[in-house]
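In what follows, a structure is listed as C-alpha cells, so that the remarks can point back to it.
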Amino acid sequence: MRKLLLGLFLVLSGIQVSVAQSATETEIIKLSKDKWQWMADKNVGPLDSLFHEKSMFVHMGGSWGKQRELDVIKSGGIWYKKADIREVSVNIIDNTAILLNRIDLLAVVGGNEVTNPFMVTEVYVKQNGTWKLGSLSFTKLLTPGK
C-alpha cells in the first residue's frame, strides 16, 4: 500500500511540474507574440518595459543594445510590419526561457519592403516575478518557412 501511495504521489507531482512548465511556456509564447505586434505598431512603451536594460539585439546589419533598438523601431529604421510565425518552441532553464520562432518577416528596411525567412532566438530572464527580454537574434534561413 505504501508503494502504491508513493507511486501515486510521484505521478501527481510530475503532472504538477508538467502543467506549471506548460503554463510558463504559454506565457512566454504570448509575450513573444505581443512583442511582435508592439514592434509592428512601433509601440515602444511596452517594449521599453519588456526589454532588459542590458538586452542585446542581433540583426543582419549589426548588433546593438536596448536604446538603439527602441530608436530603430520608433523611427521606422526597421519597420517590423508582420511576423508570420511558422513554428515556436520554448525551453525553460531555471529563470531563463529560450524561445525559437521560425518566421517569415515582412519588414521595411531603408525604405524597401522585404520578406525574409528567419529563425529568431529570444532569451527571456525572470526578475522579481517579471519576464524581461535579454536577447533577440535573427538568423536568416536559406529556405522560407512555407
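What follows draws every value from the coordinates through simple rules; no lab data is involved. Because the structure is a prediction, the values reported are computed rather than measured. Ideal geometry is used to build each Cβ from the backbone, glycine not excepted, and the neighbour counts take in all protein chains shown.
What the table shows:
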{"read-out": "Residue-by-residue Karplus 3J(HN,Hα) for region 110-123, coefficients 6.51, -1.76, 1.60, Hz, glycine and proline x", "value": "x, x, 9, 7, 9, 10, 9, x, 9, 9, 10, 9, 10, 10"}
{"read-out": "Hz values of 3J(HN,Hα) by residue in region 97-103 - Karplus curve (6.51, -1.76, 1.60), Gly and Pro given as x", "value": "10, 10, 10, 10, 10, 9, 10"}
{"read-out": "nm² value of the averaged projected area, convex hull over the Cα atoms of region 2-140", "value": "9.4"}
{"read-out": "Sum of side-chain charges, MET119 neighbourhood, beta-carbon under 14 Å (Lys, Arg +1; Asp, Glu -1)", "value": "-1"}
{"read-out": "Packing-based ranking, highest mean first, of 32-44, 107-119 given that Cβ atoms within 10 Å are counted", "value": "32-44, 107-119"}
{"read-out": "Gain on full stretching of the segment that runs from LYS42 to THR139 - 0.36 nm per residue minus C-alpha separation", "value": "32.7 nm"}
